[in-house]
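These notes are about the structure you will find just below.
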Amino acid sequence: MKALKRADLPVLIVVWMLCVATDWSTGTKIALNVFAVALLCAKEFSVHRYLVKNAGSRVSGRRSAAGRLVSAA
């Protein structure tokens, strides 16, 4: 499993500080944590879709270059 990205760590720290430093009800703290996790999951999902969508052009470029090398030999 990859380590947390730099952008994710401040979000988690802010959520943790809000949960520890406030006297909000337990339900509110749970809702805050669920919202933060859902937001991070949505971000990861969008990054994954972006990478998958743009990976096709990079892979096809590599295949065509490899095909040229094989045909030249």
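Values computed for the structure shown
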| read-out | value |
| --- | --- |
| Pairs with Cβ under 8 Å, 6+ apart, first in segment 13-36 and in contact (Cβ under 8 Å) with a residue 24 or more places away in the chain, second assigned to a helix (DSSP H, G or I) | Ala36/Val11; Ala36/Leu12; Ala36/Val15 |
| Criterion: part of a helix (DSSP H, G or I), of a type in the set (Gly, Ala, Ser), surrounded by 10 or more Cβ atoms within 10 Å (Cβ to Cβ) and at pLDDT 85 or above - qualifying residue of Ser60, Ser46 | Ser46 |
| Matching residues, segment 15-24, being open to solvent by less than 80 Å² (accessible area, probe 1.4 Å) and among the β-branched types (Val, Ile, Thr) | Val15, Thr22 |
| Options Leu51, Leu12: the member that is under 13 Å from the mean Cα position of the chain (by Cα), surrounded by 10 or more Cβ atoms within 10 Å (Cβ to Cβ) and either modelled with pLDDT under 60 or in a helix (DSSP H, G or I) (or both) | Leu51 |
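The values are calculated or read from the model by the stated rules, or taken from the named source; none is laboratory data. Given the structure is predicted, the values throughout are model-derived calculations rather than measurements. We place every Cβ from the backbone using ideal geometry, glycine too, and count neighbours over all the protein chains shown. In case anyone asks, the SASA skips ligands and DNA or RNA and just uses the protein heavy atoms, side chains included. Shrake-Rupley method; radii C 1.70, N 1.55, O 1.52, S 1.80 Å.
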